[in-house]
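Only the coordinates and a few stated rules stand behind these numbers; no lab work does. Bear in mind the structure is a predicted one, so any value in this text is a computation, not a measurement. Note that each Cβ is placed from the backbone with ideal geometry, even for glycine, and that neighbours are counted across all protein chains shown.
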Amino acid sequence: MKKLNDIIFILLLLLIIIPLVLIGIPLLIIWFIVNELSDKLKLKKMLRVNDGKIYLVYHDYNDLNFEDIFKNSKATLVEINDYYCKNILYNHFKRTAGRKAYPRLILIHNKELIIKDHYSSFKHYVKKKKDVKRFSEEIQKSIKNLSTHKDCAIR
């Protein structure tokens, strides 16, 4: 009798689990696809709205105080962290770079990102020579060049 009860319990459990799996997994996949498409549409809109803007993107591991140095800059400062951000545009900036790619300048032009990495100049001027002023001048020069689309790569 106990074996019969166990078999009936397993069959009832399978009758509940199998439909849940057959319906739940496709619904979950559809939800992820719709969510991804929604994020892509929002990103396209944000790229269109922010066309022509220059962003100075830096990571929180850089011990330099970027807000004080570049407060009068034409570039918008964006601090990138290791966790997910609600701003889709900032997450897109994070996806386009590796761990050693900060600081970097990003110009949005015709829904494309024009990127100029400054990790090597940061390492050279700030880390080795401790010359923050020269690094700031280098960034300002690069911002000016990005405004005229010189010395950059479209990614």
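Across segment 16-23, computed HN-Hα scalar couplings (Karplus, 6.51 cos²θ - 1.76 cosθ + 1.60, θ = phi - 60°) run 8, 6, 4, x, 4, 5, 5, 9 Hz from first to last residue, x flagging Gly and Pro. Under 10 Å, Cα contacts only: if you run a Gaussian network model on the chain, which one of LYS45, LYS86, LYS144 comes out with the highest mean-square fluctuation? So, out of LYS45, LYS86, LYS144, the one fluctuating most is LYS86. Classify segment 51-154 from the C-alpha gyration tensor, please: rounded if a/c falls under 1.5, else prolate or oblate depending on whether a/b exceeds b/c. Since a/c reaches 1.5 but b/c is at least a/b, the shape of segment 51-154 is classed as oblate.
Of all lysines in the structure, those lying under 19 Å Cα to Cα from LYS42, and not within fewer than 8 positions of it along the same chain, are LYS53, LYS86, LYS94, LYS111.
Rounded to the nearest Hz, the phi-derived 3J(HN,Hα) couplings of segment 121-126 under the Karplus curve 6.51 cos²θ - 1.76 cosθ + 1.60 (θ = phi - 60°) are 5, 4, 5, 5, 7, 8, where x marks glycine and proline.
Stretched out straight at 0.36 nm per residue, the stretch from ASP68 to ASN145 would grow longer than its current Cα-Cα span by 25.5 nm. When the square roots of the Cα gyration tensor eigenvalues are ordered a ≥ b ≥ c, the ratio a/c for segment 1-86 is 1.5 or more and a/b does not exceed b/c, which makes its shape oblate. In sequence order, segment 134-148 has phi-based couplings of 5, 5, 4, 5, 4, 5, 4, 5, 5, 4, 4, 5, 5, 5, 9 Hz under the Karplus curve 6.51 cos²θ - 1.76 cosθ + 1.60, θ = phi - 60°, and Gly or Pro positions carry x.
Only the Cβ atoms of Lys and Arg (+1) and of Asp and Glu (-1) were treated as charged; on that basis the dipole of segment 1-49 about its Cα centre amounts to roughly 300 debye. Normalised by the number of residues in the chain, the average gap of Cα pairs under 8 Å and 6 or more apart makes the relative contact order 21 percent. Taking each residue as 0.36 nm, the span from ASN87 to ARG48 lengthens on full extension beyond its C-alpha to C-alpha distance by 12.5 nm. Between amide H atoms placed 1.01 Å from N, distances below 5 Å from HIS109 occur with GLY52, ILE114, all of them 5 or more places distant or on a separate chain.
Here the translational diffusion coefficient of segment 1-49 follows from Stokes-Einstein with Rh set to the Kirkwood radius across Cα pairs; for 20 °C and 1.002 mPa s it amounts to 154 µm²/s.
Annotation: aspartates and glutamates with alpha-carbon distance below 17 angstrom to LYS141 (same-chain offsets under eight excluded): ASP117, ASP131, ASP151.
Note on segment 8-155: dipole from Cβ charges, positive end direction compared against TYR102, ILE114, LEU47; the farthest Cα belongs to ILE114. Each Lys and Arg contributes +1 and each Asp and Glu -1, all at the Cβ; summed about the Cα centre of the chain, the dipole is approximately 480 debye.
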